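FYI, it's all coordinate maths here, none of it is from the lab. Worth saying up front: this structure is predicted, and the values here are computed from it rather than measured. Using ideal geometry, Cβ is built from the backbone for each residue, glycine included, and neighbour counts are taken over all protein chains shown.
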Amino acid sequence: MVTFNIPPFAGKELEYIQKAVQNQKICGDGEFTKKCSAWMEQRFGAKKVLLTTSGTTALEMAAFLCGVKPGDEVILPSYTFSSTANAFVLAGARLVFVDVRPDTMNIDEKKIEAAITPKTKVICVMHYAGVACEMDTILEIARRHGLKVVEDAAQGVMSSYKGRPLGTIGDFGAFSFHETKNYSMGEGGALLINRPEAAEAAEILREKGTNRAKFFRGQVDKYTWVAYGSSYLPSELNAAFLWAQLEKADEINEDRLASWNEYRRQLEPLARESLIELQAHPEGCVHNAHMFYIKLKDLEERTRFISYMKSQGVLCVFHYIPLHSAPAGLEFGRFDGEDEYTTRESERLVRLPLYYGLKAEDLAEVTRAVKSFFGR
Ligand SMILES: Cc1ncc(COP(=O)(O)O)c(C=O)c1O
């Protein structure tokens with residue numbers, strides 16, 4: 001049986017967790033939390049990075065820091081995870097869903113401007129499969145209309161767009177370190193703050209509305225409740241787990257890319273015969289092998305494919321019922337313009353097993369099964 005995902009494990013996770021226990025500091029913002037955020041600030045050139053309890057809560061923080069208020073509108077793709085949308089709904093916004101491009105499944109930058117109204121406050125993009133959205137165009141639209149840009153880079157850790165790491169391009173970026181992501185702390189995430197003036201408000205928001213971070217730095221002599229906030233900082237135990245993986249970030253990335261490239265090499269002949277479609281990587285997009293997906297003819301063929309693969313001992317999954325057609329999407333938002341690609345393309349897409357340490361023989365088993373589905 002080839003399973004769909006195995007959470008990453010780099011080797012030193014338990015040793016570092018033990019160290020956190022020995023440090024007698026297992027709540028947030030200890031040695032390992034600091035190591036992780038400093039590493040991300042340095043590696044990605046983010047102005048400030050705060051580790052959070054999840055990608056979801058990093059997005060929630062971004063929504064509040066953008067000053068989203070009830071009645072504001074937020075533009076986002078419909079083909080995304082519920083968290084991208086929930087964050088803005090919690091802040092009181094109405095959602096305006098925009099179609100995706102079929103080549104990358106990212107929001108179609110050419111359809112964004114038509115969705116802007118006087119109420120629009122934020123454009124939230126999601127870099128699907130760790131492949132960047134067309135950020136130059138999106139930033140230019142945002143600048144012209146005075147809008148904030150949030151990047152849901154949950155899948156995009158270590159990817160880049162024209163040399164700029166994903167998550168550092170808009171006003172705020174969100175990473176996820178869920179066990180399904182390239183780097184994991186079980187549940188966790190990070191907020192990338194690219195506007196230095198928002199850093200202090202972010203620290204307060206994350207620390208239950210208090211200025212505790214300033215207190216620990218000796219900048220105030222007592223800490224107090226200064227604004228609304230919540231508890232968005234993760235435990236040191238989770239941060240210690242993540243640190244073991246960030247130390248090996250390149251090794252993990254290379255291993256995933258090697259599997260991804262082998263999938264591509266094996267399956268390109270099927271694409272040349274037009275039996276399947278493969279992912280596109282527009283110029284300037286360096287990806288992180290977060291996902292290997294293929295597109296089949298339609299929903300019927302995909303359903304047959306998934307069940308055939310299961311019969312061959314290979315677990316494949318699809319995801320994202322487009323949000324605009326989900327019960328909460330209908331309640332909290334509207335689709336702008338025509339749904340030309342979102343629904344149709346989402347029904348054709350299927351993901352193949354891909355994780356750190358995927359064995360060559362398991363990958364061969366997957367590609368053999370894919371080929372045999374098509375009688376090759
Ligand atoms: C695109 C996207 N956004 C947000 C999230 C939420 O991240 P988390 O599970 O860390 O809350 C995920 C993953 O789960 C995701 O894939």
Q. Amide H to amide H, which residues 5 or more places from residue 78 or on other chains are under 5 Å from it, using H placed in the peptide plane?
A. 98
Q.
Quick one: the Cα spread of the stretch 53-95 along its three principal axes, in angstroms, biggest first?
A. 25, 23, 12
Q | Antiparallel bridge percentage (DSSP; both residues within the chain; nearest 5) | A | 55
Q | Å³ per residue enclosed by the Cα convex hull of the stretch 207-337 | A | 265
Q: Quote the charge dipole size of the chain about the Cα centre in Debye, to the nearest 20; the model charges only the Cβ of Lys and Arg (+1) and of Asp and Glu (-1).
A: 500
**Q.** DSSP bridge orientation in the stretch 1-149 - percent antiparallel, rounded to nearest 5
**A.** 10
**Q.** Global form of the chain, assessed from the alpha-carbon gyration tensor, a/c cut-off 1.5
**A.** oblate
Q: Name the residue farthest towards the positive end of the dipole of the stretch 249-373 from the options 312, 288, 360, assuming +1 on Cβ of Lys and Arg, -1 on Cβ of Asp and Glu, about the Cα centre.
A: 312
Q) Helix-derived [θ] at 222 nm for the chain: sum -39500 (n - 2.57) over DSSP H runs of at least 4, divide by residue count, nearest 500? A) -11500 deg cm²/dmol
Q | Where the Cα pairs of the stretch 138-194 fall when distances are cut into 5 Å bins, in % | A | 5, 21, 25, 22, 15, 7, 4, 2
Q. Taking the Cα centre of the stretch 249-373 as the origin, how large is its charge dipole in debye, to the nearest 20, when only Lys and Arg (+1) and Asp and Glu (-1) carry charge on their Cβ atoms?
A. 480
Q: Give the Rg/Rh ratio for the stretch 1-107, taking Rg as the radius of gyration of the Cα atoms and Rh as the Kirkwood radius, to two decimals.
A: 1.07
Q: Report the one residue of 156, 141, 128 whose Cα lies farthest in the direction of the positive end of the charge dipole of the stretch 123-164 (charges on C-beta: Lys and Arg +1, Asp and Glu -1; origin at the Cα centre).
A: 141
Q.
With +1 on the Cβ of every Lys and Arg and -1 on the Cβ of every Asp and Glu, and nothing else charged, how large is the dipole of the stretch 72-183 about its Cα centre, in debye rounded to the nearest 20?
A. 200
Q. Going highest first, how would you order 358-366, 99-107 by mean Cβ packing within 10 Å?
A. 99-107, 358-366
Q: Report, largest value first, the span of the C-alpha coordinates of the stretch 276-376 along each principal axis, in whole Å.
A: 46, 35, 22
Q: Could you sort 153-163, 347-357, 224-234, 120-130 so that the peptide with the highest average Cβ count within 10 Å comes first and the rest follow in order?
A: 120-130, 153-163, 347-357, 224-234
Q. Lysines near residue 35 by alpha-carbon distance under 30 Å, same-chain residues fewer than 8 away left out - which ones?
A. 12, 19, 25, 47, 48, 148, 162, 181, 208, 214, 222, 248
(Q) So for the stretch 153-305, averaging the separation of alpha carbon pairs under 8 Å that are six or more residues apart and normalising by length, what relative contact order in percent results? (A) 21
